[in-house]
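Worksheet: the structure to be examined is printed underneath.
Quick note: the coordinates plus some simple rules give every number you see, no bench work behind them. Model, not experiment: these values are computed from the prediction. Reconstructed Cβ throughout: ideal geometry from the backbone, glycine too, with neighbour counts over all protein chains shown.
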């Protein structure tokens with residue numbers, strides 16, 4: 001991957017939300033590159049800021065309740081400098097979104113065909129008939145049986161899996177180059193989830209679209225994504241290739257997450273538990289390593305004072321130095337005592 | 001669709017039966033009858049009154065009276081007014097239409113005022129304009145109709161003399177002519193406006209809340225993420241969904257209009273059924289009162305029927321079996 | 001003596017149609033199922049939404065009425081015995097719900113929530129009650145100063161533990177856990193699962209674990225019943241189900257679990273494709289003509305599958 005392939009470049013993005021007259025950063029100075037034709041997963045627990053990130057790219061936040069700074073370069077322009085009207089030319093055409101709950105993401109009073117066509121109305125010059133034709137083609141593409149019939153059905157007449165296919169159809173209607181999928185399979189049954197994952201992968205292969213996959217489910221990440229960015233308390237703590245990450249996660253938070261999952265290997269054993277709770281936005285300690293309070297009694301010296309993301313291997317970035325001293329054995333955390341090998345940087 | 005409507009209409013049959021029984025019982029338990037007032041009249045002895053009661057059927061057993069009444073109802077016979085000595089139906093006919101016109105005018109004006117205000121308040125909620133509209137709502141909600149109507153009548157009718165202060169049309173005009181209808185509308189305007197200004201509360205508040213709710217819905221995010229401009233998001237997605245409860249409210253609204261018309265018609269001396277209702281109660285003309293309550297009840301039922309049919313037209317989810 | 005047994009349980013809901021809303025058919029939410037819980041085990045009911053697993057759980061605790069069949073506990077049929085007997089049995093079967101955000105009354109303190117079953121069933125003095133509540137709150141790992149807080153002041157995992165504390169106060173023998181962790185984040189999920197295993201040992205609990213998540217079920221449960229359209233398609237021990245699944249539906253479910261090991265992806269994708277093909281082609285091997293599930297046939301002593 002070279003710099004020429006970069007589709008989206010997020011630079012120093014800070015998104016703050018208003019809580020009781022004060023603004024708190026849900027994304028705190030974050031950086032991320034998304035390359036062409038790849039799936040990047042943004043992983044974290046509820047409240048970590050992963051959805052806020054996706055919404056920032058699309059300019060979906062409520063303007064009075066949010067402050068955004070930084071840069072979001074997309075195909076040579078900074079989306080943050082765009083007005084709402086200018087953004088409307090990008091939304092749906094260049095970047096589109098898939099939402100979690102197919103039940104609520106569709107307008108209950110509009111036939112699904114019209115909902116798929118709606119974007120084309122604003123982004124293309126297609127005639128009414130052509131739009132309908134295209135909508136039916138897309139229904140076909142997301143593998144909906146009898147697309148002509150489904151075209152004029154209402155959302156409540158379709159099953160959950162079908163509805164999610166409609167949501168995907170809406171997202172790909174104008175063949176965008178980037179899709180932000182916010183928990184696209186969380187509300188679905190497992191067998192349907194598997195099929196939606198396969199569908200998204202196939203669409204990505206065929207349409208050469210990049211996908212930002214926002215999820216809490218490492219299983220889905222493993223099945224779909226090329227790269228992963230783990231988010232904790234508004235910051236990325238680890239970014240890397242999924243394959244390498246799953247075999248050898250580095251940051252204590254990534255490790256803990258992975259070990260807290262039940263799997264074939266830890267059957268009958270206790271699962272790893274992270275101490276404490278995810279700090280809420282307005283109670284967040286913004287100084288130093290944000291994960292420190294959740295690592296059992298670690299020495300200050302293993303953490304950096306102002307932790308930064310560092311590339312420790314090619315394409316594998318980790319925040320803070322504490323990862324060098326954190327291990328999990330039989331799901332129990334082991335923190336090595338600080339020795340003299342103070343991290344010296346690259 | 002037709003199945004839904006047929007079923008919905010069939011449901012009205014037991015409703016009507018229950019309504020008629022209730023109305024009949026209410027009429028029977030009211031103290032005195034049209035002849036009680038004659039008891040002390042010199043020259044009328046009690047046996048004469050008793051005879052009159054028998055001829056009028058007041059002495060029959062209750063169920064016989066009920067069945068007779070129902071029989072009459074089904075043939076369009078609403079009974080005879082004891083006071084006016086005319087069939088109730090005749091009495092009602094002219095006035096009923098006046099009330100229908102007045103109610104329709106109030107409903108029309110209410111929506112004309114409330115819908116733009118509700119939409120504005122919902123769309124720009126928490127802004128200054130929203131606060132003004134909500135303030136207006138509080139004031140109209142707290143204002144009693146009979147005081148407000150009197151005030152309107154005093155200011156616009158008597159002081160400024162912009163509007164007529166009574167009646168439903170100039171008696172010198174030929175019914176059916178253009179100027180006759182214009183005059184009818186002219187007579188309607190002040191009472192209708194008085195009623196409508198206060199009736200807007202419910203609709204504004206519902207619409208405002210519904211729009212604020214709908215704005216937050218996921219499918220609005222979907223629309224935004226498609227690149228739909230904000231104005232179109234409102235016209236294509238938010239408004240239609242927000243109008244659902246307004247449609248559901250229509251039946252209730254109609255009941256409110258009829259109750260409201262009792263005050264309005266009396267204050268503006270507008271010859272409608274509301275005015276007749278008050279007169280009949282004070283004169284114990286119970287056959288008229290019963291008929292009016294029955295008519296009001298039926299109007300309410302028709303209102304809810306209309307609500308349900310409108311809802312089923314706009315909301316596809318209700319249509320399914 | 002059997003500890004707990006469900007015999008031929010059916011829960012039907014009428015479908016009404018036509019102008020007069022006559023009953024034209026039934027939704028067979030639970031259609032003639034049988035299973036047994038052995039003391040101290042964790043039995044899983046697994047299936048996708050609408051398969052009837054939640055209805056089964058709710059019927060067992062008495063939240064839903066059975067159309068027919070028996071629920072035997074303490075040698076009593078809970079579907080038929082009198083109010084007093086039911087009340088006594090209810091003490092011993094408690095339920096933990098899926099959504100810790102809506103299953104706790106937001107207007108009550110945690111203390112009142114946990115004490116409520118005690119107040120309903122036992123006549124305790126104020127100090128005894130307090131002692132009991134504190135004991136169970138401590139058991140679920142909640143501190144003393146959280147007693148007089150309200151549910152909204154806690155995280156999802158903490159709320160779920162309050163829900164479990166409430167279920168524990170009457171010292172039940174069986175806990176029906178309906179998707180107890182599916183609303184929780186991964187790290188919190190681990191916490192609650194570990195903790196459920198701890199209290200199971202300590203209090204000798206038997207779990208009926210209702211879940212759609214086969215990964216968690218493999219971790220938690222000894223025996224598993226797979227449900228589809230209100231019926232069992234397969235029942236067996238953990239090994240039977242995961243190592244030797246017989247029914248196409250079970251195989252499909254297992255193949256759908258997202259694989260963490262990226263080296264296995266090619267295989268699992270292929271496996272999914274093959275199963276999907278078989279599912280389309282050899283449907284008649286696994287289902288009756290009308291699409292319904294066949295009756296269970298023994299595969300081994302512990303293993304049953306709905307095959308022809």
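List of remarks:
- Modelled label reach - residue A:282, point 7 Å along Cα→Cβ, the range C:129-157 residues with backbone N closer than 11 Å: none
- Shape of the range C:179-308, Cα gyration tensor, a/c cut at 1.5: oblate
- Quarter of the Cα convex hull surface for the range C:29-127, i.e. its orientation-mean projected area (nm²): 8.5
- In the calculated pair-distance distribution of the protein assembly as shown, the portion above 59 angstrom amounts to 25 percent of the Cα-Cα pairs.
- Relative pair counts by distance (%), Cα atoms of the range C:224-278, 10 Å bins: 23, 49, 26, 2
- DSSP beta bridge pairing in the protein assembly as shown, given as percent antiparallel to the nearest 5: 65
- Area projected by the alpha carbon convex hull of the range C:1-82, averaged over all directions, nm²: 6.6
- Alpha-carbon centroid distance for the pair the range B:87-140 / the range A:163-233, whole angstrom: 49
- Sequence ranges C:114-121, B:10-17, C:240-247, A:223-230, ranked by mean other-Cβ count within 10 angstrom, highest first: A:223-230, C:240-247, C:114-121, B:10-17
- Förster radius 41 Å - calculated FRET efficiency between residue A:129 and residue A:5 (Cβ-Cβ, nearest 0.05): 0.60
- The Cα trace of the range A:249-335 gives Rg and Dmax of 13.8, 40 Å, the first to one decimal, the second as a whole number.
- Label zone at residue A:313, where the point sits 7 Å out along the Cα-to-Cβ direction: the range A:206-222 residues whose backbone N lies under 20 Å: A:218-219, A:221-222
- Compared with the alpha-carbon gap, the fully stretched path from residue B:12 to residue B:232 is longer by 75.2 nm at 0.36 nm per residue.
- Working note: Debye formula, equal point scatterers on the alpha-carbon atoms of chain B, no solvent; log10 I(q)/I(0) at q = 0.15 Å⁻¹ is -1.27.
- Separation between Cα centres of the range A:2-21 and the range A:256-304, rounded to whole Å: 25
- The mean sequence separation of alpha-carbon pairs under 8 Å and at least six residues apart, normalised by the residue count of chain B, gives a relative contact order of 25 percent.
- The ellipsoid that matches the Cα gyration tensor of the range A:242-297 has semi-axes, each √(5λ) in whole angstrom, of 25, 15, 9, with the longest given first.
- Euclidean distance between Cα centres, the range C:219-251 to the range C:69-132, Å: 30
- Relative contact order computed over the range B:141-226 (Cα-Cα under 8 Å; 6+ residues apart), in percent: 28
- Largest to smallest principal axis extent of the C-alpha atoms in the range A:159-205, angstrom: 28, 19, 15
- Viscosity 1.002 mPa s, temperature 20 °C, Stokes-Einstein D of the range A:27-110 from Kirkwood C-alpha radius, µm²/s: 146
- For the range A:135-177, the Rg and Dmax computed from alpha carbons only, in angstrom: 9.8, 31
- Share of pairwise Cα separations in chain A, more than 39 Å, in percent: 18
- Kirkwood-type radius of the range C:4-221, with distances r between different C-alpha atoms, in Å: 18.4
- Peptide B:306-316 shows a mean partner chain C-beta count of 1 within 10 Å per residue C-beta.
- Taking all Cα pairs closer than 8 Å and separated by 6 or more residues, the relative contact order of chain C comes to 20 percent.
- Stokes-Einstein translational diffusion, the range B:162-239 - Kirkwood Rh over all Cα pairs, 0.692 mPa s, 37 °C, in µm²/s: 201
- Here residue A:152 and residue C:75 are evaluated by their C-beta separation; at R0 = 41 Å the FRET efficiency comes out at 0.10.
- Calculated on C-alpha atoms, the gyration radius of the range A:104-174 divided by its Kirkwood radius gives an Rg/Rh of 0.92.
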